[in-house]
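> The following block contains the structure, expressed as structure tokens.
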Amino acid sequence: MTTQPSGTGNLPLPRWAYVPGDPAAANADYETLRQIAALVPPRFGGYVPARHPALRYGITLNDRGYFWEAQEILEAVWAAAPQGGRERILLRACILIATANLRLRMQKPHVAARMLGEALVELEALGLRHAGGDGFADCFPAAALAAVIKDRLGRPQLAKADWVTFAVTGRT
């Protein structure tokens with residue numbers, strides 16, 4: 001039985017979380033990801049709507065532990081986001097976080113820390129850009145997410161359990 005992410009309608013979660021390089025892991029659930037990627041337009045006009053189903057799905061994937069899959073969907077949304085827009089900055093940070101989470105699962109804490117540091121730079125750059133619209137970047141709690149990342153990076157060494165969710169009011 002496949003569960004559905006909250007706020008994304010009838011979109012099923014992948015049947016399993018893919019971990020590259022794991023000899024016991026099955027291939028990624030490409031069919032489910034293709035269904036979601038098909039929801040992304042060739043280009044968003046002006047901004048990426050915060051409630052776009054593919055965007056919400058990518059966020060949900062990360063927060064449920066489907067890091068590789070989250071990265072894939074968020075990259076599709078990023079590619080369609082307006083050039084030079086605030087959403088592209090935030091989406092890049094989200095992609096870096098999902099990738100860092102995957103590296104933590106793969107027990108590569110130093111790579112994960114580097115990626116979280118890069119995500120923090122993106123979040124800080126986002127804070128310097130003018131806000132005030134209806135896009136994803138305008139309603140996302142970027143400052144709270146940056147604080148969570150700073151907390152993680154302040155630890156002596158990251159562990160698998162230190163992965164970062166986008167629901168910053170959740171676990172820390």
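> Could you order peptides 76-82, 16-22 by the average number of other Cβ atoms within 10 Å of their residues, highest first?
Averaged packing, sorted descending, gives the order 76-82, 16-22.
> Run the accessible area of the stretch 1-135 with a 1.4 Å probe and give the carbon-and-sulfur part as a rounded percent. Don't jump to the answer; show the numbers that get you there.
Numbers: 3450 of 6490 Å².
Roughly 53 percent, rounded to a whole number.
> On to the next question. Be a star and scan the stretch 65-80 for residues whose amide nitrogen sits under 20 Å from the point 7 Å along the Cα-to-Cβ vector of residue 26.
65-73
> Give the residue list of trypsin sites (Lys or Arg not before Pro) in the stretch 88-172 that are DSSP loop and have at most 16 other beta-carbon atoms within 10 angstrom. It would help to have the intermediate numbers written out before the result.
Numbers: sites: 88, 92, 103, 105, 114, 129, 150, 152, 160, 171; in loops: 129, 171.
Passing sites in the stretch 88-172 are 129, 171.
> OK, next. Mind giving me the nanometre distance, one decimal, between the label points for residue 151 and residue 43, set 7 Å out from Cα along Cα→Cβ?
Result for the modelled spin labels: 4.1 nm.
> Counting only heavy atoms of protein chains, what accessible area per residue, in Å², does the chain have with a probe of 1.4 Å?
Accessible surface, normalised per residue, equals 49 Å².
> Oh, and also: Rg over Rh of the chain, using C-alpha atoms and the Kirkwood radius, what does it come to?
The Rg/Rh ratio comes out at 0.95.
> Using a Förster radius of 30 Å, what is the FRET efficiency between residue 110 and residue 15 based on their Cβ-Cβ separation? Nearest 0.05, please. Numbers along the way, then the final one.
Working: r = 31 Å, r/R0 = 1.03.
It comes out at approximately 0.45.
> Residue 167 to residue 134: extension gain in nm, 0.36 nm per residue of separation minus the Cα-Cα distance?
Working: separation 33, 0.36 × 33 = 11.88 nm, distance 1.91 nm.
Answer, rounded to one decimal: 10.0 nm.
The values are calculated or read from the model by the stated rules, or taken from the named source; none is laboratory data. Quick caveat, the model's predicted, so the values are computed rather than measured. No Cβ is skipped: glycine too gets one built from the backbone with ideal geometry, and neighbour counts run over all protein chains shown. Just so you know, the surface numbers come from the protein's heavy atoms only, side chains and all, with ligands and any DNA or RNA stripped out. Shrake-Rupley method; radii C 1.70, N 1.55, O 1.52, S 1.80 Å.
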